[in-house]
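These notes concern the structure reproduced below.
Nothing in this text is a laboratory measurement; each read-out follows from the coordinates by a stated rule. Because the structure is a prediction, the values reported are computed rather than measured. A quick note on method: Cβ atoms are made from the backbone with ideal geometry, for glycine too, and the neighbour counts reach across all protein chains shown.
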Amino acid sequence: MKRYVLIGVAAILLAGVAILVNGPLGAPPDGKILTAAEKSNCGKTAEVTEGPYYVSGTAEFKDGNVNPTNLPGDPLQISGHVYEGLDNSKPVANAMIEIWHTDATGNYHPNGNGPTTNYKAEDIALRGFVKTDATGAYKFNTIYPGEYSGRTRHIHIKVTESGKATLTTQLILAKPGDQISFDDDTVSKGLPTCHLLKFDETTKPQSASFDFRL
Ligand SMILES: [Fe+2]
C-alpha cells in the first residue's frame, strides 16, 4: 500500500513540474512565455513549429511572385536578407526561403501536407520558394493571408542554407479588427515582437522587411 501512495505522490509532483514548465494543462505547446527582454530581443531568428500544413517539394518563384494564380487578396511585398550571426558581415547567398500561407479566407492550397506529388498541380497555390542573391537579399510578393482557427495572420517560412540546418519560423501580420492579437496567438506569443511585421503603407504594394539570422 505504501508503495502506491509513494507512486501517487510522485505522479502529483511530476504533474506539478509539467505545469510549471508548460503552463496549465491543456495549454498549447507553442505558448511558451517570454520575458520582456526576450520579447524585445530579435537576435538569432526564433524557431517555431512548421504546423500541419507543410507541403514539401514546391517550386521556385524565379520572379518572386508567390501568387501567380492571382488568388484575391490585399497585395504585399516582403524583403530582407539572410545572415549568419547577429551582425551583417556574413550574408548567406543562394539560401532557399520556402514560403507557405493561407489565402485571404484562411484556407491553405492544399489544406494538407506531404509531398507535392500527392496533389494535382492546380491544387497547389501560395506555396513555393525564392532564393537569396549574392548579397543574401531576398524579396517576394504575395497577398495577406487570412486568420484561421485561433491563429493570427501568418506566413510560414523555412530557410535552408546549402548543406546546413534549416530554420523554420513564422512571420506574423495584423490588420485592424483582427480577432486574435500577436500577444494572444498560441504561436506568436512565443516569438519576439520583431516577427510582427511593420508595413509601410505608402508603397505599392505595401511592404515590410525581415532579416533572417541563422
Ligand atoms: Fe499556418
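Here are the numbers for the structure shown:
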item	result
Net dipole in debye of segment 34-213 [+1 Lys, Arg Cβ; -1 Asp, Glu Cβ; about Cα centre; nearest 20]	220
Charge sum, other residues only, whose C-beta stays under 14 Å from R127's C-beta, Lys/Arg counted +1 and Asp/Glu -1	-4
Overall dimensions of segment 121-185 as given by Cα atoms, namely Rg and Dmax in Å	14.5, 42
Formal net charge of residues neighbouring S207 (Cβ-Cβ distance under 12 Å; K, R +1; D, E -1)	+1
Proportion of all alpha-carbon pairs of the chain beyond 20 Å (%)	62
FRET efficiency for N88 and Q206, using Cβ-Cβ distance with R0 set to 30 Å, rounded to 0.05	0.75
Inter-probe distance in nm under a simple model that places probes 7 Å from Cα toward Cβ, at D183 and T49	2.3
Net charge dipole size for segment 101-194 [Lys, Arg +1 and Asp, Glu -1 on Cβ; Debye, nearest 20]	260
Choice from K139, K189, K90 showing the highest fluctuation, given a GNM over the chain with Cα pairs closer than 10 Å	K90
Degrees between helix 2-22 axis and first principal axis of the chain (Cα, 0 to 90, nearest 10)	30
Total formal charge among the other residues, if their Cβ is under 13 angstrom from that of N67, Lys/Arg +1 and Asp/Glu -1	-2
Relative contact order %, the chain, counting alpha carbon pairs below 8 Å whose residues are six or more apart	28
